[in-house]
Amino acid sequence: MVQLDDPFSSMSKETKKLADRLSVRRGKLQGVYKTLLHHPDLTERVSGLGDLLRFEGVLSLRQKEVVILATARGVSSRFVWQQHESIARKVGTPEETIEAIRSETPPNDPLDLVFVEVANSVVAGTALSEAIHNRVCTYVGVAGCVEAVTIAGFYKMINALVISFEVPLPRPEEPSF
């Protein structure tokens, strides 16, 4: 079992400033970002990309959360699921879509379905089919398609950190799927 020590006990002034900046947007730093603080330069870059993918870009917050939940389910990441299930609800993801993703059945909503299919392709490490690519591009353009693939890849990477360093679940008593 490899869990990293708490970085707050021995961080430099520069790393403390970074942690303070990150906590303004993210609240109390825990989980993956607490783990990443062991490498401040990487933390800054991963956080910057995470902020872009979560809060900016061309996809709606709902579309982003569908991709994130589908990726979490695809890689069996209880950590990412627990972090994002309530966010998905807050941004308007229908309960039916969340439950479909949880049970690994196709959502009824065609837009949600195509984002689940994108996440599933990324998780499987396969190219998007022409049909999926064309449907995504019809809904959100090429930039939206690239963004959806990048979000899925980002959360696949987050899951790798969670697994490798046994990052504790936010709510270990709560089932995810």
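Yes/no matrix, rows are residues, columns are (1) touching a Cys at 6+ places or on another chain (Cβ under 9 Å); (2) in contact (Cβ under 8 Å) with a residue 12 or more places away in the chain:
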| site | (1), (2) |
| --- | --- |
| 99 | no, no |
| 108 | no, yes |
| 116 | no, yes |
| 120 | no, yes |
| 123 | no, yes |
| 127 | no, no |
| 137 | yes, no |
| 161 | no, yes |
| 175 | no, no |
Checklist line | Subset of region 92-119 [part of a helix (DSSP H, G or I), crowded, with 18+ Cβ neighbours inside 10 Å and not aliphatic (A, V, I, L, M)] | finding: 97, 112, 115, 117
Next item on the list: Just give me the residues in region 105-127 being under 19 Å from the mean Cα position of the chain (by Cα) and of a type in the set (A, V, I, L, M, F, W, C), in sequence order.
Entry: 111, 113, 114, 115, 116, 118, 119, 122, 123, 124
Check: Out of curiosity, is residue 71 more than 12 Å from the chain's Cα centre (by Cα), hydroxyl-bearing (Ser, Thr, Tyr), surrounded by 15 or more Cβ atoms within 10 Å (Cβ to Cβ) and not in a loop (DSSP other than H, G, I, E, B)?
Finding: no
Notebook entry, point to check: How about region 43-54: which of its residues are of a type in the set (A, V, I, L, M, F, W, C), touching a residue at least 12 places away in the same chain (Cβ under 8 Å) and surrounded by fewer than 16 Cβ atoms within 10 Å (Cβ to Cβ)?
Noted result: 49
Next item on the list: Consider residue 58 carefully, then state whether it is outside any helix (DSSP H, G or I) and closer than 19 Å to residue 150 by Cβ.
Entry: yes
Item checked: Odd one out for residue 127 among (1) crowded, with 21+ Cβ neighbours inside 10 Å; (2) in a loop (DSSP other than H, G, I, E, B) -> (1)
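A short reminder: the numbers here are calculations on the coordinates, not readings from a lab. Predicted, not measured: the structure shown is a model, and the values here were computed from it. With ideal geometry, Cβ positions are generated from the backbone for all residues, glycine too; neighbour counts draw on all protein chains shown.
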